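Presented below is the structure to which this report refers.
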Amino acid sequence: MNERHAISILVDNQAGVLSRVVGLFSGRGFNIESLSVAPTLDPTKSKMVITTTGNEQVLEQIKKQLNKLINVIKVVDFVDKDYVEREMILVKVKAKEQTRAEVLRISDIFRARVVDVSPVSYTLALTGDQGKLRAFIELLTPMGIIDFVRTGTIVMEREMQSRKRSDQ
Amino acid sequence: MKKITGAQAFIEALRCEGVKHVFGYPGGAVLDIFDVIMDAHDIMFVLTRHEQGAVHAADGYARASGKVGVALVTSGPGATNTVTGIATAFMDSIPVVVFSGQVSTSLIGNDAFQEADTVGITRPCTKHNYLVKDVEDLPRIIKEAFYIASTGRPGPVLVDIPKDVMRGLVQFRYPEKVHLEGYCPTYRGHRGQIKRILSTILKSRHPVIYAGGGVILSNASAELTRLARLLNIPVTTTLMGLGGFPADDPLWLGMLGMHGTYAANMAVTETDCLIAIGARFDDRVTGKVDEFAPRARIIHIDIDPTSISKNVQVHLPVVGDCGNVMRDMLEELSGMEREIEDLKRTVRPWIERLEEWKRDKPLRYDKGTGIKPQYVIEKIRELAPEDAIISTEVGQNQMWAAQYYKFNAPRLFLTSGGLGTMGYGFPAAIGAQVAFPGRTVIDIAGDGSIQMNIQELATAVQYRLPVKVMIINNGYLGMVRQWQSLFYKGRYSHTSMAVSPDFVKLAEAYGAHGIRVEDPGDVEDAVRKALSMEGCVFVDFKVEPEEDVYPMVPAGAPINNMLLV
């Protein structure tokens, strides 16, 4: 029953707003799986994307509560929408003599980019959805991952879908 | 235009909001404002003896008058002491604006003297809060604070003002309008939905109205009364809704819930159409949620969308101000005389059944040898003027007041419903008395609760506020003792208040009056005397120590499962 939800929240770009938003999740014992926040084209506003998993009814309540926050302008849950999502990872992989070529080959297949090289490691950057990133990491793990960092998910509704909706 | 200081701008803003009374307590970080307030003779400042008392007083002032209550405190401990008061107002949706001093912006985050992260601490218990970082923003923020506190579903707003902001200079210009893109409460109910709920009501056979504090907050008691009488639908209210419908009306069932009347709880269990108006299905009302109003189509009218289907799944919601929605309902009904007559005919057997329940299982208590708490409340009701304002503490005193003091009008009953704050009643009564100096204000207290804010005796005496405190003194934390007696095998762990001050002497020590009553025969005279005396009076009623509140629904049980006397 517990589906993964990506929720985008348009907020005033002010100190403390993130705490208000996050407080609604943590206050109910909900874990935020990923979070991304940055100003929109209008610098007085920010867009947050939060991904979380949880009981439908509790999430419904959280969304209502989000809407109730004075600094929240708009809340969109993407769960029933057709959308594109992207995350980005930076991963530093061991580059031993026997594995150097293999790392590059995997990187090529996934269209990752090498952003830093040292005699003992490669640092790779890759964007994609969760599935692609998971597969990439699985393949790199045997090579020895030295460091790993990942952004939150960002999402956008597919245009064809929104057109259809507005036609109806 | 001449520039003024932030502190002066603060006072100007209060004037623009029409504020006449401020409750509070000074301290280092708010000295600049206090220096200005000394000369602001058009604003009465009431010095409470504890910041919690200041916020409760502002809250009581707001509940009794319908205006926004204002409190002003210093940074650090001053601000943290307000938290219980703010949370109390938050749970009951009371419009209060709390201003707290803060250390200078350059010191924030440095563990400065009397520094606390007030905005962080109060974030989950305010409707909104602000840290003012620039004196230029101060007028706009104060405007927004009053607007947010008093509109939509009301609630407390805190404004934290650093000392350097108070001292900074600003060209004072008070905005006429607020611009808040993310805040636009829905006041008008959806007309189509209103038609649908009316058709459901008109087709029902056993309808009942369950009204809450929202009816009082939106000043909609008259509409509720008209609607119920027009359709002949019986009414029960929550604790917060008492006075929203006249208790002397034949359609009145009494309060529902854990200590609700038999008739009200049975009506809600049997109804086929539950009309919830400005109520939030609190657990003290619903008991076991799965068995709450099991046969009913549930209609819910509320201004707050988050209240809808939060605890109980609602079939027909209407988001809007309940006064507006009921006015629209009455308008729609104006052409429907025939349907109304049909409904009245259909509900007749239902009303008769409710009458029977009311007659057979009324609120009752056994007459004992000592003073019965319920009897004290009945005597107060009998002898106090019709427009007397009653506040309560929390526990048995509160429930007996709710059951036995029959409220006929709104804004006469001030009680901490949601948070259940012991120590609320006395300062709230002080606030109400400040709002209405000429009216009788009574705090129905317990011997435990009254000691939680008893320091406010000094406030009552200083400002000659003739609050009457009726202490239902049973020598216990009575409600907790009652639970221990019923559900913890009578093991009275730390609920004895055997060691308490002599309340008569204590009142006198503060310069107030005290009366002790130990004999049931003296109750009436004592109440009469207290009400006629000038100044603040404590009446110490030594009641039967182990009297319990009935009916009672055990926690987690369905509400038709009542323990009766």
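Each value in this text was obtained by applying a stated rule to the coordinates, not by laboratory testing. Just so you know, these numbers come straight off a predicted model, no measurement behind them. Positions of Cβ are backbone-derived with ideal geometry, glycine not excepted, and every protein chain shown enters the neighbour counts.
Of note:
- Acute angle (nearest 10 degrees) that the helix A:100-109 long axis makes with the longest principal axis of chain A, alpha-carbon atoms: 40
- When the alpha-carbon atoms of region B:470-565 are used, the pair Rg, Dmax equals 16.7, 49 angstrom.
- Diffusion coefficient, µm² s⁻¹, Stokes-Einstein with Kirkwood Rh over alpha-carbon pairs of region B:62-150 at 20 °C and 1.002 mPa s: 158
- Rounded, prolate or oblate (a/c below 1.5 giving rounded, otherwise prolate when a/b exceeds b/c) for region B:277-435 by Cα gyration tensor: prolate
- If you look at the Cα atoms of region B:373-542, you get an Rg and a Dmax of 15.0, 48 Å.
- Estimated vicinal HN-Hα couplings, Hz - region B:243-258 in sequence order (Karplus 6.51, -1.76, 1.60; Gly, Pro = x): x, x, 9, x, 5, 8, 7, x, 7, 6, 9, x, 6, 10, x, 3
- As a rough footprinting exposure proxy, the listed residues B:C536, B:C16, B:C125, B:C273 were ranked by other beta carbons within 10 Å of their own, and the order from fewest upward is B:C16, B:C125, B:C273, B:C536.
- Residues B:W400, B:W350, B:W483 arranged by fewest to most Cβ contacts within 10 Å: B:W483, B:W350, B:W400
- Rg/Rh for region B:1-122 (Cα atoms only, Rh after Kirkwood) is 0.97.
- Here's how it looks for B:F538: its modeled amide H is under 5 Å from those of B:V469, B:H513, B:G514, B:I515, which are all 5 or more places away or on a different chain.
- Based on Cα contacts under 8 Å between residues 6+ apart, region B:3-171 shows a relative contact order of 28 percent.
- Extension gain (nm, one decimal) between A:L104 and A:D129, 0.36 nm per residue minus Cα-Cα: 6.9 nm
- Inter-centroid distance (Cα atoms) of region A:1-23 relative to region B:245-323, Å: 32
- Cα gyration tensor category, rounded, prolate or oblate, for the protein assembly as shown with a/c compared to 1.5: prolate
- In this label model, B:D272 and B:F436 are separated by 4.2 nm, measuring between points 7 Å along each Cα→Cβ vector.
- When +1 charges are put on Lys and Arg Cβ atoms and -1 charges on Asp and Glu Cβ atoms, the dipole computed for region A:4-77 relative to its Cα centre reaches about 120 debye.
- Dipole of the protein assembly as shown computed with +1 at Lys/Arg Cβ and -1 at Asp/Glu Cβ about the Cα centre; of B:G214, B:H128, A:G152, farthest Cα towards the positive end is A:G152.
- Each Lys and Arg Cβ is given +1 and each Asp and Glu Cβ -1; about its Cα centre, chain B then shows a dipole of about 1080 debye.
- Acute angle (nearest 10 degrees) that the helix A:56-68 long axis makes with the longest principal axis of chain A, alpha-carbon atoms: 70
- About the Cα centre, charge dipole magnitude for region B:191-360 (Lys/Arg +1, Asp/Glu -1 at Cβ), debye: 280
- Sequence-ordered 3J(HN,Hα) estimates for region B:534-545 from the Karplus curve with 6.51, -1.76 and 1.60 and θ = phi - 60° stand at 7, x, 6, 10, 9, 10, 9, 8, 7, 8, 4, x Hz, glycine and proline given as x.
- Among the listed pairs B:K406/B:K489; A:K47/B:K127; B:K143/B:K195; A:K64/B:K127; A:K74/B:K195, those beyond 26 Å (Cα-Cα): B:K406/B:K489; B:K143/B:K195; A:K74/B:K195
- 13 Å reach of a label modelled at B:K367, 7 Å along Cα-to-Cβ, counting backbone N of region B:373-401: B:375
- For region B:182-194, Karplus couplings with θ = phi - 60° (6.51, -1.76, 1.60), whole Hz, Gly/Pro x: x, 9, 8, x, 8, 9, 9, x, 5, 4, x, 5, 5
- Gyration tensor (alpha-carbon) shape descriptor, chain B, a/c threshold 1.5: oblate
- Each DSSP beta bridge with both residues in the protein assembly as shown is either parallel or antiparallel, and the antiparallel ones are about 45%.
- Least to most buried among B:L138, B:L333 (fewest other Cβ within 10 Å first): B:L333, B:L138
- Taking the centroid of alpha carbons for each part, region B:34-98 and region B:168-241 are 26 Å apart.
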